[in-house]
Amino acid sequence: MKYFGALFLLFIITFNAKAGVVLIDPGHGGEDCGAKAQIWKDKKLIVQCEKDIALEIAKKIHAKINKTSHIKAYLTRTVDSTLTLQQRADYADKIGADIFISIHLNSSHSRSSNGVETYYLDNHDNAAVKKIEKVENSDAKGEEVIINQILADLVIQRTAPISKKLAFYVHANLQKRVVPTYKIVDRGTKPALFYVLALSKRPSILLEAGFLSNQEEVDKLLSEKFQEDYAQAVYRGVVRFFGKPKKKISLF
Ligand SMILES: [Zn+2]
C-alpha cells in the first residue's frame, strides 16, 4: 500500500462549472417593426420601432450576463434582421439554452398606460392578456397556431413552475430597481400563452419593458440610463435564478 501514491498520480482541479445558458430574444426585427411610437428628432417627426429599443436592452442584458463566470448568454439577433418565431425557438435548441427570455415593449389605446410587466408561459383566460398576445403572436397563423397550441399545452405542463420562478426573480428586481427610480406602474407578473415561448420548449419569460404609446415613457425607454437600469435588474434576476457558481471537482 506504501506504493499506492507512486502508482496512482492523482490530479485534483477545481473550476467554475457553467450553471446555465440563457437565450435572449430581442422581439420583432427587420420587416417587423413591432409597436410604434412617433417622436421628434432634429425637428422631424420620426417613427420609433419597438424592435430597435428591444435590441438595445437585450444587448445590455447579454453583455452583463457574459461578464459572469458561470452563466453564458446568447442573442437570437444582434442586428436589425427578420426572424420567425420558429427560427428564434430553433436557436434555443442549437445552443442548448436552459432558459429563454424575450424582450418587448408595450402599446395601448390609453396614452396614460405605463409600467413594466413580466409574463411567464402558462395557460390562462385573462382577456387583457389575450389582447397583448395577438400583437406578439402575429407571426403564427392558421394550422400552425393549432399545432402550436397542442405543443404549448405539453410544454407548459413541464416548464410552467420553473418559468414562474424565473419570472418572479426577474420581476422582484424590476420592482426594487426600476419601478421606484422611474416612478412607473408595477403591472406585475402574469401567466400568458406566447407562441415564441412555447416553441422554445423550455422555461421562458416575456418582458414588456414599457409603453411606446405613452410619450413620457418613450423618453425614458430611449434613455441609456433606463436601458442600463432595466438590463441590470433582469441580469440580477437571472443570476438569482441560477444561484452561485458551483465548484466542480475533477479527478483524472
Ligand atoms: Zn413585441
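Quick notes
- Every listed requirement among (1) away from the ligand (no atom under 16 Å from the Cβ); (2) at pLDDT 95 or above is met by ARG177 save one, (2).
- ILE103 meets all of the listed conditions (1) surrounded by fewer than 17 Cβ atoms within 10 Å (Cβ to Cβ); (2) modelled with pLDDT of 85 or more; (3) within 16 Å of the ligand (Cβ to nearest atom) but one, namely (1).
- Among the residues listed as LEU55, LEU45, LEU83, the single one being within 13 Å of the ligand (Cβ to nearest atom), aliphatic (A, V, I, L, M) and open to solvent by 20 Å² or more (accessible area, probe 1.4 Å): LEU83
- In a residue-by-residue description of region 215-222, the property of being free of Cβ contacts under 8 Å to residues at least 40 places away in the same chain and in contact with a strand residue (DSSP E or B) (Cβ under 7 Å, 6 or more places away or on another chain) applies to at least one position.
- Region 40-62: number of residues that are at negative phi and without any contact (Cβ under 8 Å) to a residue 24 or more places away in the chain: 7
- Considering the conditions (1) within 20 Å of ALA73 (Cα to Cα); (2) within 16 Å of the ligand (Cβ to nearest atom), SER113 is excluded by exactly one of them, (1).
- Within region 57-93, the residues that satisfy the criterion of being within 27 Å of LYS244 (Cα to Cα) and assigned to a loop (DSSP other than H, G, I, E, B) are ASN66, LYS67, THR68, SER69, HIS70, THR76.
- Search result, residues across region 191-224 that are part of a strand (DSSP E or B) and open to solvent by 10 Å² or more (accessible area, probe 1.4 Å): PRO191
- Residue check, VAL239 under 28 Å from HIS70 (Cβ atoms), open to solvent by 10 Å² or more (accessible area, probe 1.4 Å) and not in a strand (DSSP E or B): yes
The values are calculated or read from the model by the stated rules, or taken from the named source; none is laboratory data. Fair warning: this is a prediction, and the values are worked out from it, not measured in the lab. Every residue, glycine among them, receives a Cβ derived from its backbone with ideal geometry; neighbour counts consider all protein chains shown. Heads up: the accessible areas ignore ligands, DNA and RNA and are worked out on the full protein's heavy atoms, side chains in. Shrake-Rupley method; radii C 1.70, N 1.55, O 1.52, S 1.80 Å.
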